[in-house]
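Before any comments, here is the structure.
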Amino acid sequence: MATYKKRGTKKKKINKDDLSYLAKESTTAEVFTSLDEGANKIEKFLEKNQKWIFSGLFAVIVLIAGYMWYDSNVIQPKEQKAIDEMVTAQKYFDMAMNDVDEKKMNEDFEKALNGADGKYGFKQIETKYGNTKAGNLAHYYLGAIYYKQGNFKDAVSELSKFKADDDVLQPAAFGMIGDAFMQLEQPKDALEYYEKAANYAKNEFTTPRYLLKAGQVALELGNKDKAKKYFERIKEEFKNSNEARNIEVFLAKASH
């Protein structure tokens, strides 16, 4: 009797590449499943909270629109009005600074302070338009006038309120505060503000000017090392400045 050998199914050998591929496929499937689950959760969250979400978005839109309206209809017109008022005060300030006669100078300063020709002076501009750029600038002018009049405490008070992102005007304000403190015989405070003025922004006008003043006050306070550092900066960084002309004299004083 003929017999037949039963043919079995040969198992395919799985190599490392196949395992790697299967692992990747499995991982990819898990990632997509996770993303689907996450998307479903977000969708359910949005459906559940859409009322609050849309209310929040609407509130933000209202706030932005309100600010734009306020800026266009309140802030900008107020800024322009303040600038228009300041023109006259600034005119008398400039006249006073150029006056040779002391009496005339004081008269022009008075008009700059309290107004003239139907326009506000810096005092009124500071009070009425204090939150505008012109109102901020009024602090600078008031401080400068008070300093020229010998009212050094009020000069410090006004100049300390002035804030400007300007590489010349802000250092000048710091420097004038330093000058006022020197007049008040407070050299330590003066040095602090001369340093602020010198370090605020590097330029050929204010930086060497206040480095020299800081160095001179440091010498007066007996801090020769600090004074020498400031004088050396003038010599190295601002050799063409007026302050550099006699800098060797100051360096000699700081070295002995």
Practice item. Calculate, for residue 184 and residue 80, the FRET efficiency according to 1/(1 + (r/R0)^6) with r their C-beta to C-beta distance and R0 30 Å; round to the nearest 0.05. Key: 0.20
Exercise for review: Over 31 Å between C-alpha atoms is what I'm after, so list which of 81/202; 91/239; 161/188; 163/188 land there.
Suggested key: 81/202; 91/239
Exercise for review: Grab the Cα-Cα distance for residue 253 and residue 101, subtract it from 0.36 nm times how many residues apart they are, and report the gain in nm with one decimal.
Suggested key: 50.9 nm
Review point. Each label point is 7 Å from the Cα along the Cα-to-Cβ direction; what then is the distance between the points at residue 124 and residue 203, in nm?
Key: 3.2
**Study point:** Point-to-point label distance, residue 165-residue 133, nm (Cα→Cβ direction, 7 Å offset)
**Key:** 1.1
Practice item. Quick one: give the max-minus-min coordinate of the C-alpha atoms of segment 203-251 along each principal axis, largest first, in Å. Key: 28, 18, 13
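Select from segment 163-256 those GluC sites (Glu not before Pro) which occupy a DSSP coil region and have at most 13 other Cβ atoms within 10 Å, ordered by residue number. Please report the intermediate quantities before stating the final value.
Values: sites: 185, 192, 195, 204, 220, 232, 236, 237, 243, 248; in loops: 185, 204.
Loop-located and lightly packed - 185, 204.
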Check your understanding: For segment 164-256, rounded, prolate or oblate, judged on the Cα gyration tensor with a ≥ b ≥ c (square roots of eigenvalues), a/c < 1.5 rounded, else prolate if a/b > b/c?
Key -> oblate
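Where a number appears in this text, it was derived from the coordinates with a stated rule and is not lab data. Keep in mind the model is a prediction, meaning the values are calculated, not measured. Backbone-built Cβ (ideal geometry, glycine too); neighbour counts: all protein chains shown.
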